[in-house]
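Quick notes on the structure that follows.
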Amino acid sequence: MRPLGGTKPRRFLASLALSSLAGLPLAPVPGLKFDFNWLRDRAQRLAVEPYHARPVTVPDWLRHLTYDQYRNIRFAPVKSWWNRDNLPFKLQFFHPGFYFDRTVQIYEVANGDPKLIPFSAKYFDYGHNRIQPLPPTMGYAGFRIHHYLNLPGDELGVFLGASYFRFLCRNAVYGMSARGLAVNTGQAGGEEFPAFEDFWVERPAPNAGSIVVYALLDGPSAAGAYRFEIVPGEDTVMTVQAEIYCRKNPAVLGLAPLTTMFWHGKNTDFETEDVRPEVHDSDGLMLHTGRGEWIWHPLNNPAAMRVMSFLDENPRGFGLIQRERNFEDYQDLEALYHRRPSTWVEPVGSWGRGSVRLVELHTPDETNDNIVAFWVPAALPLPGAPIALQYKLHWFVDQIHPPGGFVASTRQGRSRTFEPELRLFVIDFTGGGLEKEKPESKIDPVVSVGAGATLAHVSLLKNPFNHTWRAAFAVKPDGSGQPVELRCFLRKDGAILTETWGYLWTP
């Protein structure tokens, strides 16, 4: 399957949990202006009510459309919201159907006054589909925002499916997604999918450089109010303000979650029979800890689910990054993986103690999002108390890098002839002035190997062809089969030159 208007038919979109509005009004009472405070109060009142899934109003004939039939329903660009007003941003809506069988209500907000944008079939071209009766109160599956990003009429971003959204910067194509909330992701009992149920979009001024979207989230465990201020550009920046109220505290509450796909790359140790050298939307988790350390953890496609936690206090940032930017690394003329955006979470204010959690699932191909990263607070307040946070989401192609050197690539393998019992890891470092260091410089590779294996040997050489520095080391497993934590960085005269490469290897 191929993307649907900026969305991918992937595993994490397969279950969409939507709820009712618990009898609360969709808009402020007359004379009361719409703002984040109103939405926050509404989420708080909603959280004290028992959760009730919103009834499905999408007719069966739409829900039973095939993929191709659904693709044949297209929004008519001339009908874009605000098109006649010649505003810098425009909205287009997604038609319900196929597995997008849950709907949202969308409002335009002008001067604090929200007005419903009702569903209308006149916005769509149904192609060869035979139209049957459509409920006028059905709503939409989601919406996308258009803006002059590279060319007039470009897509800027999409809100579609549960609490998922995806955005673009200049010169990028759709790749990874963000979410409003992750609940029990990676837990044995299964994941919960709270969803954005209603959206309010502020009408932009004629010269506006940003657009503001509000969303109400609801699910079995929590309700929440969200405000997104989106500034497009080379680095499209979303300032996210959220206030979440738990009905019950879940085992894992994931804040600022990011979702991506990693099928295979340079570090993959299994055969895919794929003609492309690499296939992934992101190739690593990057962290900037509260202590100032930069960490690079290459992503993997494990045989079974793996969950890792990186303990921290007041993190400075984390993100799922696409560092490989050369077409030759992918050789894909359609998917254009070298142009998939990275996404970086920049906390605003103090987030306290907690951990960045990375969940890696196995995927047999590129159609499944199999990687999730999010912040987990060390402790949650009592149910009903607010969880307030603010952060910036950066969507970019030009890299955010540590100030020093960073990892350019990771490879693993073994010598079947000379040391077949050893596993070899090769890490190339670049940046931070490393290219200026002479080959004879006294640079040390600092390698640590956790329980389950021992370090056999290590070496460091400067690559004369691209001026990177290659750290190579071999480890010998102890036969226990337990996952082994590996770390490596470069040091000179006691000064750390690079970020820390970290890896969890399963013998």
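Counting only strands (runs of 3 or more DSSP E) that sit wholly inside the range 210-306, those with at least 1 residues that are over 22 Å from Met176 (Cβ atoms) are 211-218, 222-231, 235-246. Any idea which residue in the range 307-350 is farthest from Trp505 (Cα to Cα), counting only those that are of a type in the set (A, V, I, L, M, F, W, C) and part of a loop (DSSP other than H, G, I, E, B)? For the range 307-350, the residue satisfying everything is Leu333. Within the range 128-141, residues that are under 21 Å from Tyr67 (Cα atoms) sit with their Cβ atoms under 6 Å from residues that are among the small types (Gly, Ala, Ser) and open to solvent by less than 90 Å² (accessible area, probe 1.4 Å), at 6+ positions apart or across chains, in these pairs: Leu134/Ala121. Picking from residues in the range 307-326 that are within 22 Å of Ile427 (Cα to Cα) and touching a residue at least 60 places away in the same chain (Cβ under 8 Å), the one that is most open to solvent (accessible area, probe 1.4 Å) is Arg325.
Could you check how many residues of the range 388-406 are more than 21 Å from the chain's Cα centre (by Cα) and open to solvent by less than 40 Å² (accessible area, probe 1.4 Å)? Before you say what the answer is, go through the steps one by one.
The first filter runs over the range 388-406 and keeps only residues more than 21 Å from the chain's Cα centre (by Cα), leaving 403-406.
Those left that are additionally open to solvent by less than 40 Å² (accessible area, probe 1.4 Å): 404-406.
Total satisfying the criteria: 3.
Where strands (runs of 3 or more DSSP E) fall wholly inside the range 448-507, the ranges with 2 or more residues that are farther than 25 Å from Leu311 by Cα are 453-462, 469-477. Among the residues of the range 92-114, are any basic (Lys, Arg), crowded, with 16+ Cβ neighbours inside 10 Å and modelled with pLDDT of 95 or more? No, the range 92-114 has no match at all. So how many residues does the range 46-56 have that are within 29 Å of the chain's Cα centre (by Cα) and of a type outside the set (Gly, Ala, Ser)? The total comes to 6.
Okay, residues lined up against (1) open to solvent by less than 10 Å² (accessible area, probe 1.4 Å); (2) under 25 Å from Ile427 (Cα atoms):
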position	(1), (2)
Trp263	no, yes
Thr272	no, yes
Arg291	no, yes
His297	yes, yes
Asp332	no, yes
Asp365	no, no
Val372	yes, yes
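Cβ-Cβ under 6 Å, sequence separation 6+ or interchain: first residue in the range 439-467 and surrounded by 14 or more Cβ atoms within 10 Å (Cβ to Cβ), partner among the acidic types (Asp, Glu) and in a strand (DSSP E or B). Which pairs? Filtered contacts from the range 439-467: Gly450/Glu485. All conditions in (1) touching a residue at least 24 places away in the same chain (Cβ under 8 Å); (2) touching a strand residue (DSSP E or B) at 6+ places or on another chain (Cβ under 8 Å); (3) of a type outside the set (A, V, I, L, M) hold for Ser415, with the sole exception of (1). The combined condition, being open to solvent by 80 Å² or more (accessible area, probe 1.4 Å), out of contact with any strand residue (DSSP E or B) (no Cβ under 6 Å at 6 or more places or on another chain) and modelled with pLDDT of 95 or more, is not fulfilled by Val58.
If you go through the range 227-235 one residue at a time, do you hit one that is open to solvent by 10 Å² or more (accessible area, probe 1.4 Å) and in contact with an Asp or Glu (Cβ under 7 Å, 6 or more places away or on another chain)?
Let us first name the residues in the range 227-235 that are open to solvent by 10 Å² or more (accessible area, probe 1.4 Å), namely 227, 229, 231-232, 234-235.
Add one more test, that the residue is in contact with an Asp or Glu (Cβ under 7 Å, 6 or more places away or on another chain), and what stays is 234.
Checked the range 227-235: at least one residue is open to solvent by 10 Å² or more (accessible area, probe 1.4 Å) and in contact with an Asp or Glu (Cβ under 7 Å, 6 or more places away or on another chain).
Remark: pairs (first residue in the range 156-182, closer than 19 Å to Ala256 by Cβ and modelled with pLDDT of 95 or more; second residue part of a loop (DSSP other than H, G, I, E, B) and of a type in the set (Lys, Arg); Cβ separation under 7 Å; 6+ apart in sequence or on different chains) = Gly175/Arg340; Met176/Arg340. Would you say Phe75 is touching a Gly at 6+ places or on another chain (Cβ under 7 Å), closer than 17 Å to Gly157 by Cα and surrounded by 14 or more Cβ atoms within 10 Å (Cβ to Cβ)? Against the criterion (touching a Gly at 6+ places or on another chain (Cβ under 7 Å), closer than 17 Å to Gly157 by Cα and surrounded by 14 or more Cβ atoms within 10 Å (Cβ to Cβ)), Phe75 does not qualify.
Among the residues of the range 484-496, are any open to solvent by 40 Å² or more (accessible area, probe 1.4 Å), of a type in the set (Val, Ile, Thr), modelled with pLDDT of 95 or more and in contact with a Leu (Cβ under 9 Å, 6 or more places away or on another chain)? Among the residues of the range 484-496, at least one is open to solvent by 40 Å² or more (accessible area, probe 1.4 Å), of a type in the set (Val, Ile, Thr), modelled with pLDDT of 95 or more and in contact with a Leu (Cβ under 9 Å, 6 or more places away or on another chain), which makes the answer yes.
Quick one: in the range 142-155, which of the residues that are touching a residue at least 24 places away in the same chain (Cβ under 8 Å) and within 18 Å of Phe396 (Cα to Cα) is surrounded by the fewest Cβ atoms within 10 Å (Cβ to Cβ)? Break it down into steps so the answer makes sense when it comes.
Within the range 142-155, the first condition is being touching a residue at least 24 places away in the same chain (Cβ under 8 Å), and the residues that meet it are 142-149, 153, 155.
Next, only the ones that are within 18 Å of Phe396 (Cα to Cα) stay: 145-149, 155.
Numbers: Ile145: 23, His146: 21, His147: 24, Tyr148: 12, Leu149: 20, Glu155: 18.
Selected residue: Tyr148.
For Asn368, the conditions (1) within 14 Å of Thr260 (Cβ to Cβ); (2) modelled with pLDDT of 95 or more; (3) in a loop (DSSP other than H, G, I, E, B) are fulfilled apart from (2).
The values are calculated or read from the model by the stated rules, or taken from the named source; none is laboratory data. Predicted model, so just to flag it, every value in this text is computed and none were measured. Glycine gets a Cβ as well: all are built from the backbone with ideal geometry, and neighbour counts include every protein chain shown. Remember, those area values only see protein heavy atoms, side chains included, never the ligands or the DNA or RNA. Shrake-Rupley method; radii C 1.70, N 1.55, O 1.52, S 1.80 Å.
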